[in-house]
Amino acid sequence: MTDSHLAQSARSARLQQLTQLATNQSTILVGVMILLTIVFSSLEPKFLSALTANNILTDWGSVALIAVGQTFVIISGGIDLSVGATIGLSGVVSAWTMANVLGVDQTIKGGEASGALLIGTLVSVAVGVLVGLTNAFLINRFKIVPFIATLSTMGAALGFSVIISKGAPIGSASNFALISAIDPKVNPFSWAVIVVIIVVVIVGLFLHKSRFGLYTYAIGSNSFAARAAGINVERHLTKVYVLSGALAGLAGMYVYLRLGAGSPSSGTGRELDAIAAVVIGGASLMGGVGRMLGTVLGALILFTVQSGLIMIGVAPDWKKVVVAVLIAAAVAVQTLQSKNRRTA
Amino acid sequence: MSGDVIYEVKNVSKRYGSVVALDGASLKLHAGEVLGLVGDNGAGKSTLVKVLSGAHKPDGGQIFLDGVEQSWSSPRQALDAGIETLYQDSGLAPHLTVSQNVFLGREKLVRGPLGALGFLASKAMETEAHADLERVGIAVPSSSRSVSQLSGGQRQAVAIGRAVAWARKVIILDEPTNHLGARQAGEVLHVIQAAKSKGLGVIFISHTLPHVLEVTDRIVVLRLGKIVKDAPTAEFTSDSLIGTITGSIQTIKLDGD
Ligand SMILES: Nc1ncnc2c1ncn2[C@@H]1O[C@H](COP(=O)(O)OP(=O)(O)OP(=O)(O)O)[C@@H](O)[C@H]1O
Ligand SMILES: [Mg+2]
């Protein structure tokens, strides 16, 4: 090969890398984010502020946690509808424990309650783990499809949280000052959001760099092949649903901190936000495909749109329509991409 | 010449609902022997493969490895015992890369605490997978490519390369020359010969009878889940093999019933 040939092939390799980058789901999502920011801030200059960013990120936090778990579940070829109800149940159980066992009440200040909060967090996560174990048991033992199995636990979790709370929020100290520890007017990141980001990064590394993540993709891609390669598919799926449940429990604590109370309905419908984030992020409901960065950006877009629409004065009901359009667009882009790849 | 019996099934049967896929089949595989397993579509070949690989539990019958009775409860146990299987289809995970497929279930981890957490040594696996496949002699593009982007023949090459790389005792190849061109199919026959000369027992399944006649030492013919003939390859002609498979040549019942 001559030098000019080499240079040419290097150039075409670089071109290929560039086209790959341009059609990459995450690149598209970043582009959409930038576009949304430009549109909203030109319609409403106040949109471009630390306060708005703080609001968006605070909303993002709880859904990001369950969307991260949902990413694993969807890549494995399943779905977890129970995460929204688990937020409510874990928040209620945790609030109940803190109020009735640990004596946390309205008079307590954030700093004094840190021990109780830690125990509350553990309780919350434990409740999530229990829901996850139940999902895995139904799916593995009785071969119930994940959609139905998690729909059942969703109903049960909602029922239990209403029973335990008698339908009313269990309040304790109303302001633990954790969600807004840093001045929201100048800093978009609260401590709680920083914790969420750390969790997302760690769990994301496990998805893309570890055997645990690899097996999740393998099972979603071809569960027969995964089993034939010696993977214990049932045991792995148990771990995946437990992870999803545990993160929902953590999200339950996050929402509790935000509301200052455990409320049975506090997570209702959040599972759909999470699924939307995962799908917008480029995952396939058929399994085997998905990226953590995509999910994170998907959730961010979801809340940017919602808060942008409210700020420019669009009636809140439109929010649902816009989210629906976003999901449809994401799936359409995905289908086009995979078609291109096949004919290329 | 062939050595001791390494793998044996006695009287195995398997039904899928009302379909009897295997009906009291028995066979012996010797070390350093290539055994051809032939039969019409639906004869039960792939079912027997899945019983031998631990993917399916037989309804009845016994399995012996090196004379020790085994009851595989999962493919993992058979793999750990040195038995590798290439399945007729769906043996690979299409969304994973070539090297991820080659190493699936046997990943290399990075050293240190991250390795303890299950973090993968992807680069090392890519390099090794590439070398494994090169040994098979069928060119596969970069081992960091996802399998869904390979041609049917390239996928088949990956599956063969994986089986050959890991097999220690027995290698079961269910229609390995499917999707392959003439030259690549020839390579596969070489790979089979190489495995045989290393002392492995090879079970080779194919509808391409010239290949079977060329590469095997012994041929077992399955018809409707029953083994109707088990004889040295030298005793078959092309015509008698076809006749035995289709049933136009009557066979003596082996079980004496
Ligand atoms: N998972 C299954 N569920 C139900 N029936 C099955 C299943 N797998 C195989 N069978 C049936 O068992 C019988 C034997 O099938 P098998 O796949 O073992 O045949 P084969 O000899 O490998 O055929 P081919 O040459 O077409 O690959 C067939 O009648 C088939 O329909
Ligand atoms: Mg078959």
Exclusive hit being among the small types (Gly, Ala, Ser) and at pLDDT 95 or above, set A:GLY167, A:GLY155: A:GLY155
State whether the residues of the stretch A:193-201 include one that is open to solvent by 10 Å² or more (accessible area, probe 1.4 Å) and farther than 30 Å from A:ILE170 by Cβ. yes
State yes or no: is B:GLU128 surrounded by fewer than 18 Cβ atoms within 10 Å (Cβ to Cβ), closer than 27 Å to B:GLY199 by Cα and more than 10 Å from chain A (Cβ to nearest Cβ)? yes
Whichever residue in the stretch B:3-20 is among the small types (Gly, Ala, Ser) and modelled with pLDDT under 95 and, among such residues, is nearest to B:VAL220 (Cα to Cα): B:GLY3
B:ASP4, sole failed condition from (1) more than 13 Å from ligand 2 (Cβ to nearest atom); (2) in contact with a Pro (Cβ under 9 Å, 6 or more places away or on another chain): (2)
Looking at B:GLY44, B:GLY54, which is the one that is more than 22 Å from B:LEU224 (Cβ to Cβ), surrounded by 17 or more Cβ atoms within 10 Å (Cβ to Cβ) and within 16 Å of ligand 1 (Cβ to nearest atom)? B:GLY54
Taking strands (runs of 3 or more DSSP E) that fall entirely within the stretch B:181-257, which contain at least 1 residues that are closer than 18 Å to B:LYS28 by Cβ and open to solvent by 70 Å² or more (accessible area, probe 1.4 Å)? B:226-232
Listed residues A:GLY262, A:GLY269; which is in contact (Cβ under 8 Å) with a residue 12 or more places away in the chain and on the phi > 0 side of the Ramachandran plot? A:GLY269
Number of positions in the stretch A:294-311 that are under 30 Å from A:ALA225 (Cβ atoms) and open to solvent by less than 10 Å² (accessible area, probe 1.4 Å): 3
With A:VAL305, A:VAL322 as the choices, which residue is at pLDDT below 90 and farther than 20 Å from A:PHE147 by Cα? A:VAL322
Identify the single condition in (1) open to solvent by 10 Å² or more (accessible area, probe 1.4 Å); (2) under 26 Å from B:VAL140 (Cβ atoms); (3) at the interface with chain A (Cβ under 9 Å from one of its Cβ atoms) that B:LEU114 does not satisfy, given that it satisfies every other one. (2)
In contact with a Gly (Cβ under 7 Å, 6 or more places away or on another chain) and within 16 Å of ligand 2 (Cβ to nearest atom) - does that describe any residue in the stretch B:46-68? no
Which one is most open to solvent (accessible area, probe 1.4 Å) among residues in the stretch B:132-149 that are at pLDDT below 90 and of a type in the set (A, V, I, L, M)? B:ALA139
State whether the residues of the stretch B:65-77 include one that is more than 14 Å from chain A (Cβ to nearest Cβ), within 16 Å of the chain's Cα centre (by Cα) and in contact (Cβ under 8 Å) with a residue 12 or more places away in the chain. yes
Selection from the stretch B:199-225 of residues more than 17 Å from B:TYR7 (Cβ to Cβ) and away from ligand 2 (no atom under 16 Å from the Cβ) yields B:PRO210, B:LEU213, B:GLU214, B:VAL215
Filter the stretch B:25-45 down to residues that are within 11 Å of ligand 2 (Cβ to nearest atom) and assigned to a loop (DSSP other than H, G, I, E, B) and give me whichever is farthest from the other protein chains (Cβ to nearest Cβ). B:ASP40
From B:SER13, B:SER90, B:SER53, B:SER18, which residue is of a type in the set (Ser, Thr, Tyr) and farther than 26 Å from B:THR216 by Cα? B:SER18
Under the condition of being closer than 27 Å to B:GLY153 by Cβ and within 9 Å of another protein chain (Cβ to nearest Cβ), which residue from the stretch B:79-94 is most open to solvent (accessible area, probe 1.4 Å)? B:SER90
Considering each residue of the stretch B:10-34, count those that are farther than 15 Å from B:VAL228 by Cα and either among the hydrophobic types (A, V, I, L, M, F, W, C) or surrounded by fewer than 16 Cβ atoms within 10 Å (Cβ to Cβ) (or both), and give that number. 9
Out of the stretch A:207-226, which residues are within 10 Å of chain B (Cβ to nearest Cβ) and in contact with a Leu (Cβ under 8 Å, 6 or more places away or on another chain)? A:LYS209, A:SER210, A:ARG211, A:GLY213, A:LEU214, A:TYR217, A:ALA218, A:ILE219, A:SER221, A:ASN222, A:ALA225, A:ALA226
Qualifying position, being among the charged types (D, E, K, R), crowded, with 21+ Cβ neighbours inside 10 Å and within 14 Å of chain B (Cβ to nearest Cβ), among A:ARG235, A:ARG291, A:ARG270: A:ARG291
Mind listing just one residue for me: the one in the stretch B:150-188 that is over 18 Å from B:LEU200 (Cα atoms), more than 14 Å from chain A (Cβ to nearest Cβ) and among the hydrophobic types (A, V, I, L, M, F, W, C) and, of those, farthest from ligand 2 (Cβ to nearest atom)? B:ALA182
Residues of the stretch B:238-257 being over 25 Å from the mean Cα position of the chain (by Cα) and at pLDDT below 65, in sequence order, are B:ILE252, B:LYS253, B:ASP255, B:GLY256, B:ASP257
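The values are calculated or read from the model by the stated rules, or taken from the named source; none is laboratory data. This structure is a prediction, so every number in the text was calculated from the model and none was measured. Don't worry about glycine lacking a Cβ; one is built from the backbone with ideal geometry, like all the others, and counts go over all protein chains shown. The area values use the complete protein model at the heavy-atom level, side chains included, leaving out ligands, DNA and RNA. Shrake-Rupley method; radii C 1.70, N 1.55, O 1.52, S 1.80 Å.
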